[in-house]
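The values are calculated or read from the model by the stated rules, or taken from the named source; none is laboratory data. Computed from a predicted model, the values in this text were never measured in an experiment. Neighbour counts run over all protein chains shown; Cβ positions are idealised from the backbone, glycine included. Areas reflect the complete protein model, heavy atoms only, side chains present, ligands, DNA and RNA absent. Shrake-Rupley method; radii C 1.70, N 1.55, O 1.52, S 1.80 Å.
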Amino acid sequence: MQVPQDGEDLACQPWYHGPLSRQKAEALLLEDGDFLVRASRSRGGHPVISCRWQGSALHFEVLRVVLRPRPGRPAVLFQLEDERFPCMSALVHSYVASGRPLSQATGAVASRPVARLGSLWRSFSEDALTDSPAEIKHLRARKRSTSQPVDLEHSGQSKDPSEGPGSTTVPGSALLRVGSDSLLLKTPAPLGEMADILRASDGQLHAKAPTKPLRTPSLVLGEASGHSPTYCELVPRVPGAQGVSPGHSCLEPKAHWWEAEEEEEKEEDGCFVRPQAEVSFCPPDHPSCLLGCQNRPLDPQILHKLRGLFLEHHPGSTALHLLLVDCQAAGLLGVTKKQRSAMGVASGLELLSLPHGHRLRLELLERLEALALAGALAVLGCSGSLEERVAALRGLVELALALRPGATGDLLGLAGVMGALLMPQVSRLEHTWRQLRRSHTDAALAFEQELKPLMRALDEGSGPCDPGAVALPHVAPALRLLEGEDLAAPPAESCGLLLRALHRARLAARDASQYRRAAAQRLRGFQPHPELREALTTGFLRRLLWGSRGVQAPRAQRMEKFQRVLSILSQRLEPGGPPLP
């Protein structure tokens with residue numbers, strides 16, 4: 001993940017509030033899931049995630065692992081308990097997008113960022129990512145052995161006679177670096193717990209480092225205090241740790257949230273709960289690792305990076321990424337107990353056909369349209385050679401084949417990709433399709449003989465819907481029907497299409513648990529790429545297509561303008577082709 005490291009400026013992130021006291025932070029957290037990131041004054045400006053969960057305000061100090069400087073990798077990694085990230089934005093995005101708890105002990109989930117009101121002038125990197133010159137000078141002034149661990153009893157004590165006996169030259173939250181070992185910043189521990197200090201060998205962090213015995217980094221001890229801890233305890237996992245600390249059992253790898261969903265569902269008693277409010281499965285204003293806080297529509301640099309990102313992944317891998325994002329957007333996987341209680345049912349497939357599923361239906365319709373527009377842009381945005389457009393067209397066909405029933409079985413994603421291939425601006429490119437049939441005959445035949453009849457059958461309500469072959473059913477006709485859109489069919493056939501669409505919606509609600517198990521089975525052991533996963537989310541596609549400002553416009557107006565843009569691009573690529581309707 002290529003993101004800013006030392007120069008990361010979080011002032012543009014709405015959830016970063018800069019130096020903020022815990023009292024003011026708690027006053028901003030109103031509901032469960034609200035969170036913000038602040039720089040703690042008591043921790044020397046270190047990042048702290050404040051989150052409200054189960055009526056209480058919790059504070060999590062983010063750990064910083066400092067590595068030996070080396071070109072091509074970050075100098076600092078950020079960690080809560082499990083994964084390490086090269087920047088704070090990546091850490092926040094991962095936990096918000098996946099719905100993972102910030103710590104296993106509390107189970108707190110950060111889902112809604114609390115935006116600050118004013119602007120920040122100092123960047124986060126100035127306070128938290130670098131050490132001050134004064135601290136570095138004191139650290140270098142000490143004389144210590146390069147082959148023996150530092151004496152823990154004397155670490156951190158000042159040599160200046162003007163200072164008191166209990167003063168230190170570095171903050172109490174720093175673990176001093178010994179030799180070439182990593183530097184882990186964490187809340188100070190008492191002397192009795194020194195046996196539990198995390199150990200790491202230089203050979204694990206640097207491939208070319210010489211073999212050496214393990215060293216224990218020294219700890220700057222703070223004064224003993226009788227007050228209760230003000231930060232939630234974290235149990236970080238060190239990759240490749242040598243041994244287990246006394247009194248701690250070896251932690252088994254935790255299953256992904258989409259794999260553990262089945263066990264959570266068994267805890268439900270099956271009783272109906274009256275719905276309280278409409279539920280959204282698309283978190284608003286979630287941080288982005290690919291886009292900044294402000295972006296223009298169709299940014300050329302972002303488009304170039306996305307093209308390379310999709311070329312690096314096989315269509316089957318991209319299909320699994322799309323299945324994961326679609327299942328979360330449709331409320332099939334990753335549904336929390338709070339969301340199930342609010343909507344009165346256990347799955348978004350059940351919510352779709354209910355009156356209070358209006359918001360979810362609109363979100364899925366916009367997702368289908370955004371996927372289709374982005375797919376069409378992948379072809380029409382190729383202003384170079386004909387072979388480049390043919391390659392993009394072939395990539396969409398192969399992705400559709402990987403999404404069909406019997407493969408990944410994501411019919412929601414299949415509808416979006418086929419919407420791009422069947423869009424009039426793409427269908428009129430006669431030279432491009434003719435070259436596809438010449439160069440990639442198998443893909444062209446699969447599109448004409450398999451994908452187009454399959455999509456026609458799905459829209460008519462007669463396509464496959466068995467949970468064994470399908471992980472996410474085709475719900476687009478029911479979505480449009482329940483939102484008052486007219487069926488694109490002759491009057492003599494419209495009644496039959498209406499009845500079949502409603503019947504398919506009832507079957508999807510009835511078999512929601514089977515679809516969920518089928519999706520979880522396909523995603524078992526899957527390790528998604530963070531950037532590719534983000535690039536397939538609805539929020540990212542909306543900002544990519546319309547920019548951070550244009551995304552605020554009404555949906556119908558945005559769609560109409562972008563259709564005109566695609567028509568202009570299509571006419572420029574093949575001016576002599578058939579006219580657009």
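Observations, loosely collected:
- Net charge contributed by nearby residues that have their C-beta within less than 13 Å of Leu323 (K/R +1, D/E -1): +3
- For Gly18, residues with placed amide H under 5 Å, excluding near neighbours: Ala39
- Using θ = phi - 60° and Karplus 6.51 cos²θ - 1.76 cosθ + 1.60, couplings along the range 429-436 (whole Hz; Gly, Pro as x): 6, 5, 5, 5, 5, 5, 5, 4
- 3J(HN,Hα) along the range 527-539, derived from phi through the Karplus expression 6.51 cos²θ - 1.76 cosθ + 1.60 where θ = phi - 60°, amounts to 10, x, 7, x, 6, 5, 4, 5, 5, 9, 6, 5, x Hz, with x in place of Gly and Pro.
- Separation of the alpha carbons by more than 32 angstrom is noted, of Lys337/Lys561; Lys24/Lys338; Lys305/Lys561, for Lys337/Lys561.
- Packing, as the average of other Cβ atoms within 10 Å across residues, places the peptides 351-360, 431-440 in the order 351-360, 431-440, highest first.
- For Arg112, residues with placed amide H under 5 Å, excluding near neighbours: Asp34, Phe35
- Note on Tyr515: accessible area is roughly 0 Å² with a 1.4 Å probe, heavy atoms of protein only.
- Under-5 Å amide H pairs with Ser103, H placed in peptide plane, nonlocal only: Ala108
- Near Gly416, once Lys and Arg are set to +1 and Asp and Glu to -1 for all other residues with Cβ below 12 Å from its Cβ, the sum equals -3.
- Whole-percent pair-distance distribution, where bins are 10 Å wide, for the alpha carbons of the range 398-526: 12, 38, 32, 16, 2
- Under the Karplus curve 6.51 cos²θ - 1.76 cosθ + 1.60, θ = phi - 60°, whole-Hz ³J(HN,Hα) for the range 50-60, x wherever Gly or Pro sits: 9, 9, 9, 8, 6, x, 10, 8, 10, 10, 10
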